[in-house]
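Report on the following structure.
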């Protein structure tokens, strides 16, 4: 059978690659064409367009690149028509993929959406269109099934979260990383604190200086910055230079989390990854005053981190906007490192979180199964 898969970001490439492997396992005749990245290509899909050519973030950047975006959409439609897949599989990336879903449905293609857009946070009105153009929605966050059913009368499938299997795979396959610690650190052998400041230059410039100041209060710890894929070392150096006990790693975020004692993490998927590794964390968010005020009015959620949203309570401390100060970070980090009661409580909450996320099953295998079932 023929599958056309579209993802537009690094996370979509990761989850898409596991899906591609499962499709090949469950359908030995599978022919898969994709928009994604190196991981999907390595898993056995024919790569049409790399996500590096698609990643336009922010209102002004989208406007400036509108001709490119429209050309990409036109090219994508033509490529799908030429390939004539049995099914279109769309992974997250709603700005692009919802347009393709609407067009694809009108062309008579079956449409499966894997990893729902976070419409429960904002742009809820999208759901009306989504219901019309998507044949099967495969969700990875537990509360989404009830959200769609109770609020929109739409039966969707919860398949479990693909990060569970990804992180378990990493934990099972891990070898000794002691040499890595020596290589990363200016003080070999000292305990590590992971800093995950985000993936975009603007957000890193806003938050990383505040995070790094914390290092002065913990001279016996090594603070290690996880650099974002695609950002050059020179960008990080000026932020890190004033500190003796600060270093960085590239493409080793999971290795770092395996060894860290605690982490300061920008909101997003990284908060969930850190929790699944069992690392005590503080969630950090700070935007420009105007952007923050706009977001506060548009986004209707109780918490900013996925960990707290899924658990529906404050499991991890969130320091947002004016609360994100070095003094507050130092205070909270001391608690995480020294308060045994707090550590035990977190351990229990993390175990509950993992249980919830694994309840749907092996996400990639189940998603592949549902996709194949849709064709047949």
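The values are calculated or read from the model by the stated rules, or taken from the named source; none is laboratory data. None of these values were measured; they are calculated from a predicted model. Heads up, the Cβs are rebuilt from the backbone with ideal geometry, glycines too, and the neighbour counts pull from every protein chain shown.
Give, as residue ranges, the strands (runs of 3 or more DSSP E) completely inside segment 1-57 that count at least 2 residues that are more than 20 Å from the chain's Cα centre (by Cα) and over 13 Å from residue 372 (Cα atoms).
Numbers: elements: 2-7, 31-36, 46-50.
Counting at least 2 such residues, we get 46-50.
Listed here are the residues, each with its yes/no results for (1) modelled with pLDDT under 95; (2) out of contact with any helix residue (DSSP H, G or I) (no Cβ under 8 Å at 6 or more places or on another chain); (3) buried (at least 19 other Cβ atoms within 10 Å of the Cβ).
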site: 149; (1), (2), (3): no, yes, no
site: 152; (1), (2), (3): no, no, no
site: 170; (1), (2), (3): yes, no, no
site: 193; (1), (2), (3): no, no, yes
site: 201; (1), (2), (3): yes, no, no
site: 207; (1), (2), (3): yes, yes, yes
site: 214; (1), (2), (3): no, no, yes
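Output the residues belonging to segment 78-96 that are modelled with pLDDT of 95 or more and closer than 29 Å to residue 363 by Cβ.
Passing the criteria: 79, 80, 83, 84, 85, 86, 87, 88, 89, 90, 91.
Before we move on, is residue 292 in contact with a helix residue (DSSP H, G or I) (Cβ under 6 Å, 6 or more places away or on another chain), modelled with pLDDT under 85 and either surrounded by fewer than 24 Cβ atoms within 10 Å (Cβ to Cβ) or assigned to a loop (DSSP other than H, G, I, E, B) (or both)? First the steps, then the outcome.
Values: in contact with a helix residue (DSSP H, G or I) (Cβ under 6 Å, 6 or more places away or on another chain): yes; modelled with pLDDT under 85: yes; either surrounded by fewer than 24 Cβ atoms within 10 Å (Cβ to Cβ) or assigned to a loop (DSSP other than H, G, I, E, B) (or both): yes.
Yes: the conditions hold for residue 292.
Test each condition in (1) surrounded by fewer than 19 Cβ atoms within 10 Å (Cβ to Cβ); (2) modelled with pLDDT of 95 or more; (3) touching a strand residue (DSSP E or B) at 6+ places or on another chain (Cβ under 8 Å) for residue 252 and report the one that comes out false.
Unmet for residue 252, out of (1) surrounded by fewer than 19 Cβ atoms within 10 Å (Cβ to Cβ); (2) modelled with pLDDT of 95 or more; (3) touching a strand residue (DSSP E or B) at 6+ places or on another chain (Cβ under 8 Å): (2).
Being farther than 16 Å from residue 371 by Cβ, surrounded by 21 or more Cβ atoms within 10 Å (Cβ to Cβ), in contact with a strand residue (DSSP E or B) (Cβ under 8 Å, 6 or more places away or on another chain) and assigned by TED's automatic domain parsing to the domain that holds residue 150, is that true of even one residue in segment 106-118?
No, because not a single residue in segment 106-118 is farther than 16 Å from residue 371 by Cβ, surrounded by 21 or more Cβ atoms within 10 Å (Cβ to Cβ), in contact with a strand residue (DSSP E or B) (Cβ under 8 Å, 6 or more places away or on another chain) and assigned by TED's automatic domain parsing to the domain that holds residue 150.
Of the residues that sit in segment 173-188 and are in contact with a helix residue (DSSP H, G or I) (Cβ under 7 Å, 6 or more places away or on another chain) and outside any helix (DSSP H, G or I), which one is modelled with the lowest pLDDT?
Filtering segment 173-188 down to residues in contact with a helix residue (DSSP H, G or I) (Cβ under 7 Å, 6 or more places away or on another chain) leaves 174, 177, 180-181, 188.
If we keep only those that are outside any helix (DSSP H, G or I) too, we end up with 174, 177, 188.
On the way: 174: 63, 177: 44, 188: 66.
Checked segment 173-188; the qualifying residue modelled with the lowest pLDDT is 177.
Answer yes if at least one residue in segment 121-139 is loosely packed, with under 14 Cβ neighbours inside 10 Å, out of contact with any helix residue (DSSP H, G or I) (no Cβ under 9 Å at 6 or more places or on another chain) and farther than 30 Å from residue 311 by Cβ, and no otherwise.
The answer is no, given that none of the residues of segment 121-139 is loosely packed, with under 14 Cβ neighbours inside 10 Å, out of contact with any helix residue (DSSP H, G or I) (no Cβ under 9 Å at 6 or more places or on another chain) and farther than 30 Å from residue 311 by Cβ.
Within segment 320-331, is even one residue outside any helix (DSSP H, G or I), exposed (fewer than 15 other Cβ atoms within 10 Å of the Cβ) and in contact (Cβ under 8 Å) with a residue 40 or more places away in the chain?
Scanning segment 320-331 turns up at least one residue that is outside any helix (DSSP H, G or I), exposed (fewer than 15 other Cβ atoms within 10 Å of the Cβ) and in contact (Cβ under 8 Å) with a residue 40 or more places away in the chain.
Conditions (1) part of a helix (DSSP H, G or I); (2) under 19 Å from residue 334 (Cα atoms); (3) not assigned by TED's automatic domain parsing to the domain that holds residue 39, marked per residue:
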{"residue": "211", "(1), (2), (3)": "yes, yes, yes"}
{"residue": "220", "(1), (2), (3)": "no, yes, yes"}
{"residue": "234", "(1), (2), (3)": "yes, no, yes"}
{"residue": "242", "(1), (2), (3)": "no, no, yes"}
{"residue": "247", "(1), (2), (3)": "no, no, yes"}
